[in-house]
1. Name every residue in the range A:302-315 that is more than 7 Å from every other protein chain (Cβ to nearest Cβ) and open to solvent by 10 Å² or more (accessible area, probe 1.4 Å), in order of residue number.
2. What number of residues within the range A:1-32 satisfy the criterion of being more than 13 Å from every other protein chain (Cβ to nearest Cβ), of a type outside the set (A, V, I, L, M, F, W, C) and free of Cβ contacts under 8 Å to residues at least 40 places away in the same chain?
3. Among the residues of the range B:260-277, is there at least one that is buried (at least 24 other Cβ atoms within 10 Å of the Cβ), more than 27 Å from residue A:12 (Cβ to Cβ) and of a type outside the set (A, V, I, L, M, F, W, C)?
4. For the range B:128-147, what are the residues that are among the charged types (D, E, K, R) and more than 18 Å from residue B:65 (Cα to Cα)?
5. Give the range A:18-42 a look and list any residue that's touching a strand residue (DSSP E or B) at 6+ places or on another chain (Cβ under 8 Å) and under 18 Å from residue B:313 (Cα atoms), or say none.
6. Does the range B:325-347 hold any residues that are open to solvent by 40 Å² or more (accessible area, probe 1.4 Å) and at the interface with chain A (Cβ under 8 Å from one of its Cβ atoms), and which are they?
7. Filter the range B:138-163 down to the residues that are touching a helix residue (DSSP H, G or I) at 6+ places or on another chain (Cβ under 7 Å) and assigned to a loop (DSSP other than H, G, I, E, B) and list them by number.
8. Does residue B:37 fit the bill of being open to solvent by less than 10 Å² (accessible area, probe 1.4 Å) and closer than 21 Å to residue B:130 by Cβ?
Protein chains: 2
Amino acid sequence: MTARATPPSPIGLHRVLDPPGALPQAAARLDPTAHLLADDEVIVRVERLNLDAAGYRQLERAHAGDGAAIRAEVSRIITERGKMHNPVTGSGGMLIGTVEAVGPASPLGLAPGDRIATLVSLTLTPLQVDDGLAAWDGLGEQVPCTGHAVLFGRSVAARLPDDLPPELALAVMDVCGAPALTHRVVARHVGEGRPPVVAVIGAAGKSGSLSLAAARRAGAARTIGVVPVPAERDALTAAALADAVVLADARDPVALAAAVTAAGGPADVTVVCVDVPGCEHGAVLATAPLGTVVFFSMATSFTAAALGAEGLAADVTLLIGNGYATGHAALALDVLRGSPGVRALFEARTGAHRPVRPAEPPVRPADPTTGGPTGEATGDLRGDGGDSPA
Amino acid sequence: MTARATPPSPIGLHRVLDPPGALPQAAARLDPTAHLLADDEVIVRVERLNLDAAGYRQLERAHAGDGAAIRAEVSRIITERGKMHNPVTGSGGMLIGTVEAVGPASPLGLAPGDRIATLVSLTLTPLQVDDGLAAWDGLGEQVPCTGHAVLFGRSVAARLPDDLPPELALAVMDVCGAPALTHRVVARHVGEGRPPVVAVIGAAGKSGSLSLAAARRAGAARTIGVVPVPAERDALTAAALADAVVLADARDPVALAAAVTAAGGPADVTVVCVDVPGCEHGAVLATAPLGTVVFFSMATSFTAAALGAEGLAADVTLLIGNGYATGHAALALDVLRGSPGVRALFEARTGAHRPVRPAEPPVRPADPTTGGPTGEATGDLRGDGGDSPA
């Protein structure tokens, strides 16, 4: 099974069994062989899988909540594919485990015994389970199990810190790309001698609150938090993360731009952390000429952003929020440690069980000034790659 | 009809009749009143509309090629909506005309008598036609007509240059955002003391060839043109725009990255100008750490780009190709003037009638090394905003 023509590769091409030449994420089947096949690999003893929320919900519906049937299907997927990659939703999740073996050329900085979380998706992580998921009742996204997984040279994993509860650390690492990129963009403006006004749309959520704190830490001239409902306004105000907190419906371009401007904008850097469709034009309109919009919402439409900026003759830089940046997990954890306000918001979110919300309808509320049930700051629905544990 | 509560605005909110508060592009109906309603407006005497290709094809199919019926429907749309905004495709096109009146506060730098093309979409341009489109047979995207249009303070229009054939100038202006942004990104790298290796995917197309020439002009250390078929390789080689020209299927990440690397990569700046889905992972993989990928293809998937980079642990900047940048038309025309190779490629494309191609199937060719019919460098399908005249 392990005899392949593909030479070892930092992105794991040598673990792809089918189809040959595909990337691991696109592959139908990976080789999860338990020993190192490349000098830069790491073998992890698995302790728990965190299935992504969208993928688990699909399984739950498909099997009408029958835990044994859900367990059997997850077990079958992992056995057949050599990875946990839901074929319907295309999503996976993340895992927690302990490093067992580290190849001599691994660049990940891990050592045997380290307790880690993977920050790349299970959809591209070779995985073999050896207990048939017997310890799992199939009734939740947390899957205790035994087995092993493989990290490549270019995988991403983070040591679980000693000073923070694991659930809190995982919730931070889940969205750590947002504060990392926000910090970098703000720091670049500062380095050019023009500390920016920063607006964060969906500022009371996980990625939003971290981004606000990261912006301030990087030297923003002013921070503006935009939230859709009074309860979030009050929570964000209490957290003292922003110089101004304003209510606005992010899907109403004119209202959003007016609210940001009234709060000290337009923004030089606008960070979109709110996972509802239709926020592109408002974000562009709220941003000053030669400013930057960072889209972290997975509900962002590429064409709406590109054509919207063109139609508004807006000379702004439009960034796709890359979930990876060097040192992103360490930076995000450090931002949390340094900000009691962020920590309070996170603890309020991770402490309570988040109910499954129905998909938001892509329509305007009758009265946008009331906020309504839309435009919620979730900021944690990156579709995959580690939904926060419930 | 012109009595509105909305104050004049540089983005034309005062011209929106329905629904109130919408942006002009999102509006169902605009007010095309022929006199200046705001100090920063411009009135243009219209000479010709260029309907966008996708919108025209929809009308052609809906009316089975009946020119009179197509003409009647376009006339009805313009009358009802106060703009040419195809309600099915959501697209419009651009127009050519002569400036008639310029408000005292207009920032566009136009004067009465200037012959111009609009570079923002007809979907947001107030328009009234007064000849019932009588001079048009309904059988092509070019619509000769009389009437007037309105430009806002933040519209974009460009004077048709005296030294270039109008069709050639329009074809350049249609894609001028790509070379402008490429030039800016490359110049930033150069300014930071690290002239970049630049790879352009879809390099023989309009936006691709202009981007290659712009990259060289901005000081790229090396330029690599990627094309899918031998005919384009030969044409691009003859145009002498790139230091290396390579064949690769942009939808095969491993093959694309290998081809770029073999040609002197990885790239510090990768520009995606090829309008087929599935090029995101290859572009990321072909790009060096801390490099930049500029996505100009309207077939780009936001989530594929964001999650792909995350899954590959690729610390790269991902840019949505904004079709607008200050001075973009002037820069692109200047690039063409200075590059006989670009001009030759453009003349070869605009001289011949481009047949309507069927949609490309999103599958791999049996043998990617042959290129096949996919991955063609079109680079001009921005969905709207001025498809090039046939």
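1. A:304
2. Total meeting the criteria: 4.
3. yes
4. Listed by number, the residues that qualify are B:130, B:131.
5. A:22, A:23, A:24, A:27, A:41, A:42
6. Across the range B:325-347, the qualifying residue is only B:326.
7. B:138, B:139, B:141, B:160, B:161
8. No, not satisfied.
The values are calculated or read from the model by the stated rules, or taken from the named source; none is laboratory data. Values in this document were obtained by computation on a predicted structure and should not be read as measured data. Glycine gets a Cβ as well: all are built from the backbone with ideal geometry, and neighbour counts include every protein chain shown. Keep in mind that these areas ignore ligands, DNA and RNA; they rest on the heavy atoms of the full protein, side chains included. Shrake-Rupley method; radii C 1.70, N 1.55, O 1.52, S 1.80 Å.
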